[in-house]
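Read through the structure below, which is laid out as structure tokens, and then see the notes.
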Ligand code: SAM
């Protein structure tokens, strides 16, 4: 298969990206179509749809070329990172053929130079190769009554607070408001490894746009965990 385009997103790294699309609606991405697929005729009519399915390659996951390179079991973060389920019962990034599927919002189609689809809520790292685009059909594909096994609802959210210096840095940026919103939405998912769920001294970093967002997990006065952004520095 030949990719039809590539993602440019708010996520320069894998770490911290929400585990499904739509969990951080403030995340912006563009799907830039590559020749010969960057023909505006190929997207004629697409602007009448609000959401798209993207088929893509988890290009940062190892290829599972040889039989010894793959495992039938994976450990979903939703089960705490310890319990194992079959890879085909999961949305793991480690899978045969490394194929991924994301439902994203289509915000704009820019055909001034080639074709650029502006997307909302994308869960893909910058550089992800896209194999195909299909419009989402809610009357056929929305199934609110469906059972969703070990992931029956969206993950719980953690409160996020920002140090005063972080607010100062954000206030100086032209995109400060949207970056603040993105930081809140991404960190509320608790990007730490699933087995780390308590307070920690350790400082983690999530790269968003051109900055490294440094945060720590701390207990509030009631003992509940919240994430505190201690600084944002150029990445
Ligand atoms: N919605 C897609 C699916 O179900 O196929 C992706 C789900 S997967 C659990 C989401 C995670 O994939 C993100 O949290 C991010 O860390 C990782 N990811 C995103 N783009 C990737 C890429 N190009 N290669 C490898 N991992 C990627």
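The values are calculated or read from the model by the stated rules, or taken from the named source; none is laboratory data. Bear in mind the structure is a predicted one, so any value in this text is a computation, not a measurement. Note: ideal-geometry Cβ built from the backbone for every residue, glycine included; neighbour counts use all protein chains shown.
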| Selection count, the stretch 55-78, where residues are farther than 21 Å from residue 131 by Cβ and either assigned to a strand (DSSP E or B) or within 13 Å of the ligand (Cβ to nearest atom) (or both) | 6
| request: Could you check residue 100 against (1) out of contact with any strand residue (DSSP E or B) (no Cβ under 9 Å at 6 or more places or on another chain); (2) within 14 Å of the ligand (Cβ to nearest atom); (3) without any contact (Cβ under 8 Å) to a residue 60 or more places away in the chain and say which number it fails? | output: (1)
| request: Check 232, 183, 130 and return the single one that is touching a residue at least 40 places away in the same chain (Cβ under 8 Å) and assigned to a helix (DSSP H, G or I). | output: 183
| query | For residues in the stretch 65-120 being on the phi > 0 side of the Ramachandran plot and surrounded by 15 or more Cβ atoms within 10 Å (Cβ to Cβ), which is farthest from the chain's Cα centre (by Cα)? | reply | 114
| task | Run residue 69 past the list (1) under 21 Å from residue 155 (Cβ atoms); (2) free of Cβ contacts under 8 Å to residues at least 40 places away in the same chain and report the number of the one that doesn't hold. | result | (1)
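Can we say residue 225 is at pLDDT 95 or above, surrounded by fewer than 13 Cβ atoms within 10 Å (Cβ to Cβ) and not assigned by TED's automatic domain parsing to the domain that holds residue 20?
Against the criterion (at pLDDT 95 or above, surrounded by fewer than 13 Cβ atoms within 10 Å (Cβ to Cβ) and not assigned by TED's automatic domain parsing to the domain that holds residue 20), residue 225 does not qualify.
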| Does residue 189 count as on the phi < 0 side of the Ramachandran plot, part of a loop (DSSP other than H, G, I, E, B) and out of contact with any helix residue (DSSP H, G or I) (no Cβ under 8 Å at 6 or more places or on another chain)? | yes
| Quick check, is residue 41 free of Cβ contacts under 8 Å to residues at least 40 places away in the same chain and either near the ligand (Cβ under 9 Å from one of its atoms) or closer than 15 Å to residue 117 by Cα (or both)? | yes
| Count - residues of the stretch 6-20 that are more than 8 Å from the ligand (Cβ to nearest atom) and part of a loop (DSSP other than H, G, I, E, B) | 3
